[in-house]
1. Condition first: closer than 14 Å to Thr28 by Cβ and of a type in the set (Val, Ile, Thr). Now tell me which residues in region 55-90 satisfy that.
2. Out of the strands (runs of 3 or more DSSP E) lying entirely within region 1-114, which hold 2 or more residues that are out of contact with any Ser or Thr (no Cβ under 9 Å at 6 or more places or on another chain)?
3. Filter region 178-225 for residues that are among the small types (Gly, Ala, Ser) and buried (at least 16 other Cβ atoms within 10 Å of the Cβ) and give the result.
Amino acid sequence: MSRHSIVEGIILRGHRLGEIHKSIVFLTPDAGLLNAVAYGAYSKRGKLRGVSEPFTHGRFHLYHDPVKDRTKVEDVEVLRYFHGIREDVTRYFCASLWAEVVLASFGGGEGSAQLFQVLRDGLALLSEAGDGEVKRLNVQVLLRYLAAVGAPLKPKERESDSEPADTSSDHVSNYIERSLDSTLSDGIALDPPPEVLAETRRRVFRAVQLVVERPINTLRTAKELF
């Protein structure tokens, strides 16, 4: 990275650094996860105070100090705040789940560009999602997350042609297949029976858990919300 750079990114996490500074982690399409310091972000008059919150999508003007090996945020051109996420607890926890999963899988590695697009589009849809759409959207985003990191959740196959048909399993497999063949917004429009969505969600959560290889805190605290 050159000393000065401009990168597009979405903030996933931030924590206090000293009294008035903030360390942030954001996902970029080209470099995966980046860490930077937003100096003065907790100061009442700090120019980065309102633009360094989680789920802010913007262009980050960065400076890398080669001596301290530290990157600082000099400015942020906000592209979208996704206000609707912060206005509803279910939406907020859903976005938090996505952020935690992305962080735990190191930004998707070589799939960071695909994952960035999924997260960006997912947050845009989530910001406007109705109560009945959040669970379906969550499943759609996590299915695409699995594809981006190279662990797609494939429809369950029978071990042999002679194996008895499992109608409920067939419905779930069909829903997964249709979801993976659709765009993100078209996938949300799919409205399966509650039992099909519930089983798909169970399979997706299990698959994601296997990828990140550690407990997902958001699932433990807010699983029933989505």
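1. Selection gives Thr56, Thr71, Val73, Val76.
2. Details: elements: 4-17, 21-28, 32-38, 57-65, 70-80.
Of the strands (runs of 3 or more DSSP E) lying wholly inside region 1-114, those with at least 2 residues that are out of contact with any Ser or Thr (no Cβ under 9 Å at 6 or more places or on another chain) span 4-17, 21-28, 57-65, 70-80.
3. Looking only at region 178-225, we keep the residues that are among the small types (Gly, Ala, Ser), and these are 179, 182, 185, 187, 189, 198, 207, 222.
Scanning region 178-225 gives Ser179, Gly187, Ala207, Ala222.
Taken together, the values in this text are just the output of simple stated rules run on the coordinates, not laboratory data. Because the structure is a prediction, the values reported are computed rather than measured. Methodologically, a virtual Cβ is constructed for each residue, glycine included, from the backbone with ideal geometry; neighbour enumeration extends over all protein chains shown.
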